[in-house]
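The values are calculated or read from the model by the stated rules, or taken from the named source; none is laboratory data. What you see is a predicted model; the values in this text were computed from it and never measured. Using ideal geometry, Cβ is built from the backbone for each residue, glycine included, and neighbour counts are taken over all protein chains shown.
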Amino acid sequence: MAFLFDRSEFAAELEALINIMSGETLERYCSVFCIDRIYHIASRREGGDDAFRAVVTRFMRFVEPLDVDVEDIMSAVNSGMRDFEKAVMLCSAGRKGAGIVLSLTEKGYGNPPMPIMTPLKFLNTDH
């Protein structure tokens, strides 16, 4: 998973988050869009589908993918959010009872039902 640390501006936070996720009893979910991004990065940088499968296998030890249902899609459609992907993720996370959403940016989430935090902001709070 070393390629995940390639974006140096996020490497320290990512490493700290992984350490927290492997040691705490937080419920951890990821958007299915996150897995798609990991696929594209792993397959390009690490040598194709085999690398992707290995990375996702390790990543799934830390998180559970959020499922998306018709209610999430329709809620996203009716949310008024410009970024449909973020709208779907927020609706799914809300249905699952997520307390916060971690994102590289806090922008573009409109008026979310839970706090949106960057990894650094999350690391600087009591969790």
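Look through segment 103-120, keep the residues that are at pLDDT 85 or above and outside any loop (DSSP other than H, G, I, E, B), and return whichever of them is nearest to Phe84 (Cα to Cα).
That would be Ile116.
Asp126 fails exactly one of the following numbered conditions: (1) among the acidic types (Asp, Glu); (2) in contact with a Ser or Thr (Cβ under 8 Å, 6 or more places away or on another chain); (3) assigned to a loop (DSSP other than H, G, I, E, B). What is the number of that condition?
With (1) among the acidic types (Asp, Glu); (2) in contact with a Ser or Thr (Cβ under 8 Å, 6 or more places away or on another chain); (3) assigned to a loop (DSSP other than H, G, I, E, B) applied to Asp126, the lone miss is (2).
Looking only at segment 86-120, how many residues end up being under 11 Å from the mean Cα position of the chain (by Cα) and small (Gly, Ala, Ser)?
2
Of all residues in segment 61-94, count the ones that are aliphatic (A, V, I, L, M) and touching a strand residue (DSSP E or B) at 6+ places or on another chain (Cβ under 9 Å). Step through it out loud before you land on a result.
Going residue by residue through segment 61-94, those that are aliphatic (A, V, I, L, M) are 63, 66, 68, 70, 73-74, 76-77, 81, 87-90, 93.
The next check asks that each one be touching a strand residue (DSSP E or B) at 6+ places or on another chain (Cβ under 9 Å); those that pass are 63, 66, 89-90, 93.
The qualifying residues number 5.
Residues that are farther than 26 Å from Asn124 by Cα and modelled with pLDDT of 75 or more: which helices (runs of 4 or more DSSP H) entirely in segment 1-67 hold 1 or more of them?
On the way: elements: 8-23, 32-45, 49-59.
In segment 1-67, the matching helices (runs of 4 or more DSSP H) lie at 32-45, 49-59.
Residue pairs, Cβ under 6 Å, 6 or more apart or interchain, first in segment 49-71 and within 20 Å of Ile20 (Cβ to Cβ), second in a helix (DSSP H, G or I) and among the hydroxyl-bearing types (Ser, Thr, Tyr). List them.
Close Cβ pairs (under 6 Å, with a partner that is in a helix (DSSP H, G or I) and among the hydroxyl-bearing types (Ser, Thr, Tyr)) amount to Leu66/Ser92.
Yes or no: Asp72 modelled with pLDDT of 85 or more and surrounded by 11 or more Cβ atoms within 10 Å (Cβ to Cβ)? Steps first, please.
Details: modelled with pLDDT of 85 or more: yes; surrounded by 11 or more Cβ atoms within 10 Å (Cβ to Cβ): yes.
Taking the combined requirement at face value, the residue satisfies it.
Take segment 85-118 and flag every residue that is basic (Lys, Arg) and either touching a residue at least 40 places away in the same chain (Cβ under 8 Å) or under 15 Å from Phe33 (Cβ atoms) (or both). Before the answer, list the steps.
We begin by selecting, within segment 85-118, every residue basic (Lys, Arg); these are 86, 95-96, 107.
Those that are basic (Lys, Arg) and either touching a residue at least 40 places away in the same chain (Cβ under 8 Å) or under 15 Å from Phe33 (Cβ atoms) (or both): Lys86, Lys96.
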